[in-house]
1. What is the one condition in (1) of a type in the set (A, V, I, L, M); (2) under 21 Å from residue 135 (Cα atoms); (3) out of contact with any helix residue (DSSP H, G or I) (no Cβ under 6 Å at 6 or more places or on another chain); (4) assigned to a loop (DSSP other than H, G, I, E, B) that residue 24 does not satisfy?
2. Do we have residue 44 as crowded, with 19+ Cβ neighbours inside 10 Å and outside any loop (DSSP other than H, G, I, E, B) here?
3. Would you check which residues across segment 1-41 are among the hydrophobic types (A, V, I, L, M, F, W, C), over 25 Å from residue 111 (Cα atoms) and loosely packed, with under 12 Cβ neighbours inside 10 Å and list them?
4. Does residue 64 satisfy the condition of being crowded, with 17+ Cβ neighbours inside 10 Å, closer than 22 Å to residue 114 by Cβ and without any contact (Cβ under 8 Å) to a residue 60 or more places away in the chain?
Amino acid sequence: MSVDNKVFLSFKSLPRNVALARLVVASMLAEDEILLSELDEIKVAVSEAVSNAIIHGYLNDGEKTVEMEVTLSGGLLSVRVSDTGVGIEDVGLAMKPNYSQIEERLGLGFCFMQSFMDEVLVQSAVGKGTTVTLRKKLGGRVESLFNASE
């Protein structure tokens, strides 16, 4: 499958860069036939992934770097957000609704990502960081994007 477009972005782990990440993804999809509601859902999922890297991965240390890779290929959107922060000890537990290690957080980030994207893959190692991959087939659902393309 050929790649229609690909962007790699590296930015400081500052809260204001969440908007930058959303804008990059929205710009990548500007010429595609996509419902506004679908675009909004994708932007929320991307915001949650980037926010998690900043808040949980780097504990709000604005001097760290978040990396994001956005690929559009044959109607499949893939967004990979990576940090080299603290990592997640138990990914399964972290993905459960209302779970957060930070008391004032709601713990709904992964829930939003899972409900708005076709697939969410989380790879993490304590002390080494986390990579979240979001995939969505634009205009429809597919059974298993990860098995088909990895």
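1. (4)
2. In short, no.
3. Answer for segment 1-41, where residues must be among the hydrophobic types (A, V, I, L, M, F, W, C), over 25 Å from residue 111 (Cα atoms) and loosely packed, with under 12 Cβ neighbours inside 10 Å: 1, 3, 8, 30.
4. no
For (1) under 25 Å from residue 39 (Cα atoms); (2) modelled with pLDDT under 70, each residue gets a yes or a no:
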residue: 79; (1), (2): yes, no
residue: 84; (1), (2): no, no
residue: 96; (1), (2): yes, no
residue: 100; (1), (2): no, yes
residue: 112; (1), (2): yes, no
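The values are calculated or read from the model by the stated rules, or taken from the named source; none is laboratory data. The model shown is predicted, which means the values in this text are computed figures rather than measured ones. Glycine gets a Cβ as well: all are built from the backbone with ideal geometry, and neighbour counts include every protein chain shown.
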